[in-house]
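The values are calculated or read from the model by the stated rules, or taken from the named source; none is laboratory data. Nothing here was measured: the structure is a model prediction, and the numbers come from that model. Because the Cβ atoms are built from the backbone with ideal geometry, glycine has one as well, and the counts that use them run over all protein chains shown.
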Amino acid sequence: MKVDRVLREFVEECKKRFGENLVSVVLFGSYARGEQKKTSDLDLLVVVKDLPMVWSERKKQFEEICESLSKKYGKFIEVIPITTKELRKNLNKKSPFFITFVLGHKIVFDDGTFKKEFEKFSLELSKKNFVYYEGGRKWEIKKEALKYLH
């Protein structure tokens, strides 16, 4: 399976569905860190300017795209859909979910918003002494965050 091909098709389908409202598509998790296994899914953060408030309604907007690509490529796709406002709010609160993004992520599509907001977030994290543990591994978040500052 060619991950880049799946990601490219995913972005194209999202552009068709959301048009100018599509802000960012970001790969995170094991594939972004290069630690994927045969059974790993593709974890995607999708930032859209406006989404329904109800989580199940949000997820429904991506069902057809994910199911189609999953069947075509034999790889499950997990989407976390959020709005631009929620992205900023979670980064400002230093959400543990986003702290893991300093361990590795790949911007697949971006209008500049994610990159800009994540750089501000990384700058803040570089001033803290957070430690993240997962699967018996330990990461110094301050050191990891410095990689995203230019």
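Every listed requirement among (1) out of contact with any helix residue (DSSP H, G or I) (no Cβ under 7 Å at 6 or more places or on another chain); (2) under 13 Å from residue 22 (Cβ atoms); (3) free of Cβ contacts under 8 Å to residues at least 60 places away in the same chain is met by residue 116 save one, (2). Of the residues screened, residue 85 is one that is free of Cβ contacts under 8 Å to residues at least 12 places away in the same chain, out of contact with any strand residue (DSSP E or B) (no Cβ under 8 Å at 6 or more places or on another chain) and closer than 29 Å to residue 15 by Cβ.
Which of the residues spanning segment 1-39 are in contact (Cβ under 8 Å) with a residue 24 or more places away in the chain, among the polar types (S, T, N, Q) and under 24 Å from residue 96 (Cβ atoms)? Within segment 1-39, 24 is the sole residue that qualifies. Here residue 81 clears all of (1) in a helix (DSSP H, G or I); (2) in contact with a Lys or Arg (Cβ under 7 Å, 6 or more places away or on another chain) except the condition numbered (1). Check segment 111-118 and report whether any residue there is of a type in the set (Val, Ile, Thr), closer than 25 Å to residue 12 by Cα, at pLDDT 95 or above and outside any helix (DSSP H, G or I). No; the residues of segment 111-118 include none that is of a type in the set (Val, Ile, Thr), closer than 25 Å to residue 12 by Cα, at pLDDT 95 or above and outside any helix (DSSP H, G or I).
Quick grid of which residues meet (1) surrounded by 13 or more Cβ atoms within 10 Å (Cβ to Cβ); (2) of a type outside the set (A, V, I, L, M):
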| position | (1), (2) |
| --- | --- |
| 63 | no, yes |
| 81 | yes, yes |
| 85 | no, yes |
| 96 | no, yes |
| 100 | yes, yes |
| 108 | yes, no |
| 129 | no, yes |
| 135 | no, yes |
| 147 | no, yes |
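All of (1) assigned to a loop (DSSP other than H, G, I, E, B); (2) over 28 Å from residue 122 (Cα atoms) hold for residue 57 with one exception: (1).
Of the residues making up segment 119-150, just one is within 22 Å of residue 89 (Cβ to Cβ) and either in a strand (DSSP E or B) or touching a Cys at 6+ places or on another chain (Cβ under 7 Å) (or both), namely 132. All of 48, 11 fail the test of being aliphatic (A, V, I, L, M), surrounded by 14 or more Cβ atoms within 10 Å (Cβ to Cβ), touching a helix residue (DSSP H, G or I) at 6+ places or on another chain (Cβ under 7 Å) and within 21 Å of residue 105 (Cα to Cα), apart from 48.
Residues checked against (1) among the charged types (D, E, K, R); (2) over 17 Å from the mean Cα position of the chain (by Cα); (3) closer than 30 Å to residue 129 by Cβ:
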{"site": "13", "(1), (2), (3)": "yes, no, no"}
{"site": "25", "(1), (2), (3)": "no, no, no"}
{"site": "29", "(1), (2), (3)": "no, no, yes"}
{"site": "32", "(1), (2), (3)": "no, no, yes"}
{"site": "49", "(1), (2), (3)": "yes, no, no"}
{"site": "55", "(1), (2), (3)": "no, no, no"}
{"site": "64", "(1), (2), (3)": "yes, yes, no"}
{"site": "81", "(1), (2), (3)": "no, no, no"}
{"site": "88", "(1), (2), (3)": "yes, no, yes"}
